[in-house]
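Undergrad: Please read through the structure below; I'll follow up with questions.
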Amino acid sequence: MLPDPFFAGPGLDRADALRCQPDRIGALAAQPDARQLEWENGAPALGGDGRLRWSAVTQAPPLFLGLDGEVPHFSDLPPGNVPIDSRAHFGLLGQLDAADAPVFAAALSLANWHRRHLFCSVCGEPTAPNRGGWSRACGSCAAEHYPRADPVVIMLAEHDGRLLLGRQPQYPPGRFSALAGFVEPGETIEAAVARELHEEAGIVVRDVRYVASQPWPFPSTLMIGAHAVATGDTLTIDRQELDDARWFSRGEVEAALHGEEGAAFLPPPRFAIARTLIERWVSGRLK
Ligand SMILES: [Zn+2]
């Protein structure tokens, strides 16, 4: 079976139809089995087993995360500022059970979005949570604002059986990963993949194919994994964006994934979709 990206999976039943029924949500919050997410240091709290920690609902919390079977799950807005930098949470991600990762991602992204959208972007007046926490409504001009996910393409470029990987300045020593960049307004996924690879590595690609996607809650990105075929292997590296970029053979990539001594590079961590893309490429089956 092909590996799935971390954070992928169904998570809770989001029960979208209930969101516009405040009475139903209120009744769900009053159920004795209703559960409320616990927070710790600006992130959903984990138990020693890597699962999310839940407690009984105290006061109807503003965020309705969804249903697990019949059991309603809620979250309060965590106190203080929620760190949006993934590096602040990397230790936590190493412990997080993959089964709870989709709910962790949804709760963290949603909480961050509420913290950063207290005022209406149309008229500047205060907004308040609406639709079970899946929108905010302006009390002054009645505009309704919805949480967004920002699309980012992350791609493996291949040439003659070798893979292009690069390193960003903030990576730990030795790490190489897939190149990535934000999709810009008015751009397709395919165009963004081709543009980013040309900007960062100076290569021209064809046959861009979607492989897999991953929600990345720092603060709210949708990582869109792709594969592309490079028409040549001459690199012109944008040193503003990357420390380095190189072509790696299948053998070098395999040795890196297996953590072999003397491997050519350190692969991305298991919770990064880049890791999943590289594992799938090595298996010879991207899809
Ligand atoms: Zn407004």
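Undergrad: Within segment 188-223, work out how many residues are assigned to a loop (DSSP other than H, G, I, E, B), within 30 Å of ALA88 (Cβ to Cβ) and not aromatic (Phe, Trp, Tyr).
TA: Of the residues in segment 188-223, the ones assigned to a loop (DSSP other than H, G, I, E, B) are 188, 202-204, 217-220.
Those left that are additionally within 30 Å of ALA88 (Cβ to Cβ): 217-220.
Imposing the further condition that a residue be not aromatic (Phe, Trp, Tyr) reduces the set to 217, 219-220.
Within segment 188-223, residues that are assigned to a loop (DSSP other than H, G, I, E, B), within 30 Å of ALA88 (Cβ to Cβ) and not aromatic (Phe, Trp, Tyr) number 3.
Undergrad: For segment 264-283, which residues satisfy the criterion of being over 18 Å from MET155 (Cβ atoms) and either surrounded by fewer than 17 Cβ atoms within 10 Å (Cβ to Cβ) or of a type in the set (S, T, N, Q) (or both)?
TA: Those that are over 18 Å from MET155 (Cβ atoms) and either surrounded by fewer than 17 Cβ atoms within 10 Å (Cβ to Cβ) or of a type in the set (S, T, N, Q) (or both): ALA264, LEU266, PRO269, ARG270.
Undergrad: Check GLY47, GLY91, GLY66 and return the single one that is in contact (Cβ under 8 Å) with a residue 12 or more places away in the chain and either touching a Pro at 6+ places or on another chain (Cβ under 8 Å) or not acidic (Asp, Glu) (or both).
TA: Exactly one residue qualifies, and that residue is GLY66.
Undergrad: In segment 96-143, which residue that is of a type in the set (S, T, N, Q) and either assigned to a loop (DSSP other than H, G, I, E, B) or within 12 Å of the ligand (Cβ to nearest atom) (or both) is nearest to ASP23 (Cα to Cα)?
TA: In this case the residue turns out to be THR127.
Undergrad: Restrict the check to segment 155-164 and report whether at least one residue is within 20 Å of the chain's Cα centre (by Cα), more than 16 Å from the ligand (Cβ to nearest atom), touching a residue at least 60 places away in the same chain (Cβ under 8 Å) and in a strand (DSSP E or B). Outline the logic, then answer.
TA: Filtering segment 155-164 for residues within 20 Å of the chain's Cα centre (by Cα) gives 155-156.
Filter once more, so that each one left must be more than 16 Å from the ligand (Cβ to nearest atom): 155-156.
Checking the rest, the ones that are also touching a residue at least 60 places away in the same chain (Cβ under 8 Å) come to 155-156.
Next, only the ones that are in a strand (DSSP E or B) stay: 155-156.
Yes: segment 155-164 contains one or more residues that are within 20 Å of the chain's Cα centre (by Cα), more than 16 Å from the ligand (Cβ to nearest atom), touching a residue at least 60 places away in the same chain (Cβ under 8 Å) and in a strand (DSSP E or B).
Undergrad: Can you confirm whether GLU184 is under 18 Å from the mean Cα position of the chain (by Cα), acidic (Asp, Glu) and either open to solvent by less than 20 Å² (accessible area, probe 1.4 Å) or more than 16 Å from the ligand (Cβ to nearest atom) (or both)?
TA: When the stated conditions are applied, GLU184 passes them.
Undergrad: Among the numbered conditions (1) touching a Leu at 6+ places or on another chain (Cβ under 7 Å); (2) surrounded by fewer than 18 Cβ atoms within 10 Å (Cβ to Cβ), tell me where ALA137 comes up short.
TA: That leaves (1) as the condition not met.
The values are calculated or read from the model by the stated rules, or taken from the named source; none is laboratory data. Just so it is clear, the structure is predicted and the values come from calculations on it, not from any experiment. Here Cβ is always computed from backbone atoms with ideal geometry, including for glycine, and neighbour counts include all displayed protein chains. Accessible surface is based on the protein model in full, side chains and every heavy atom, while ligands, DNA and RNA are left aside. Shrake-Rupley method; radii C 1.70, N 1.55, O 1.52, S 1.80 Å.
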